[in-house]
1. Taking the stretch 10-36 as the search range and keeping residues that are of a type in the set (K, R) and touching a residue at least 24 places away in the same chain (Cβ under 8 Å), which one is farthest from D67 (Cα to Cα)?
2. From the list T22, T41, which one is of a type outside the set (A, V, I, L, M), more than 11 Å from the chain's Cα centre (by Cα) and modelled with pLDDT of 90 or more?
3. So which residues in the stretch 1-41 are over 16 Å from A149 (Cα atoms) and among the polar types (S, T, N, Q)?
4. Would you be able to tell me the number of residues in the stretch 37-65 that are open to solvent by 50 Å² or more (accessible area, probe 1.4 Å), in contact with a Phe, Trp or Tyr (Cβ under 9 Å, 6 or more places away or on another chain) and either assigned to a loop (DSSP other than H, G, I, E, B) or in contact (Cβ under 8 Å) with a residue 60 or more places away in the chain (or both)?
5. Just checking: which of the strands (runs of 3 or more DSSP E) contained wholly in the stretch 66-168 hold 2 or more residues that are in contact with a Lys or Arg (Cβ under 7 Å, 6 or more places away or on another chain), open to solvent by less than 90 Å² (accessible area, probe 1.4 Å) and within 19 Å of R46 (Cα to Cα)?
6. Given the options G142, G85, G81, name the one that is in contact with a Gly (Cβ under 7 Å, 6 or more places away or on another chain) and over 16 Å from L21 (Cβ atoms).
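The values are calculated or read from the model by the stated rules, or taken from the named source; none is laboratory data. Computed from a predicted structure; not experimentally measured. Cβ atoms come from the backbone with ideal geometry, glycine included; neighbour counts cover every protein chain shown. Note: accessible area is taken over every heavy atom of the protein model, side chains too, but ligands, DNA and RNA are not part of it. Shrake-Rupley method; radii C 1.70, N 1.55, O 1.52, S 1.80 Å.
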Amino acid sequence: ILNGHNHPQPVARLVGEAVVLTVLLGSALKLDGRFILQTKTDGPVRMLVVDYRSPGAVRACARFDKDQVTKVIESSKASAGALLGHGHLAMTIDQGTDRSRYQGLVALEGGNLEDAAHEYFKRSEQIPTQVRLAVGEELSSGNRRNWRAGGMLLQFLPKDPERARMAD
């Protein structure tokens, strides 16, 4: 996905993080259908969309202002939060035409996608959850970019629902 576009490195890294988060959440659902992650913000990267279709088809795109991204890069503050800015993150589960869609929203307040996922699980699902995302670039022969990405989604899932609300 990342090599198919000529995004600046920080934007490509952000798209990679969005893809990893989408695949983690989409594959955890154990259902046939689509999981869509979408951001809409006031930052240089105005929109990210990642579409996961079970059992593993993924596509992604980003809409960004190249000049604003360049300014952020030149200021040495090319973090995900600086690129995203403020807005919202929507996560949509679509199980097909015969079922209702579910959509969860969480605010993006200058943080990264991990922060937004933590806030979503804290507020909406109320399941103790940790998400870690990693995207990196390596150079191979001929200075060709090879991207690597991965992530972990850890959840505390007790048998007793009341146990989830208690501190350990």
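1. Initially, the stretch 10-36 is screened for residues of a type in the set (K, R), giving 13, 30, 34.
Adding the requirement that they be touching a residue at least 24 places away in the same chain (Cβ under 8 Å) leaves 13, 34.
Values: R13: 18, R34: 33 Å.
Per the stated criteria, the residue is R34.
2. Values: T22 fails: more than 11 Å from the chain's Cα centre (by Cα).
Unique residue meeting the criteria: T41.
3. N6, Q38, T39, T41 - these are the residues of the stretch 1-41 that are over 16 Å from A149 (Cα atoms) and among the polar types (S, T, N, Q).
4. Residues flagged as open to solvent by 50 Å² or more (accessible area, probe 1.4 Å), in contact with a Phe, Trp or Tyr (Cβ under 9 Å, 6 or more places away or on another chain) and either assigned to a loop (DSSP other than H, G, I, E, B) or in contact (Cβ under 8 Å) with a residue 60 or more places away in the chain (or both) within the stretch 37-65 amount to 0.
5. 86-94
6. Values: G142 fails: in contact with a Gly (Cβ under 7 Å, 6 or more places away or on another chain); G81 fails: over 16 Å from L21 (Cβ atoms).
The conditions single out G85.
Okay, residues lined up against (1) over 27 Å from F64 (Cβ atoms); (2) among the hydroxyl-bearing types (S, T, Y); (3) at pLDDT 90 or above:
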| site | (1), (2), (3) |
| --- | --- |
| S79 | no, yes, no |
| L84 | no, no, yes |
| A90 | no, no, yes |
| I93 | no, no, yes |
| R99 | yes, no, no |
| E109 | no, no, no |
| Q130 | yes, no, yes |
| A134 | no, no, yes |
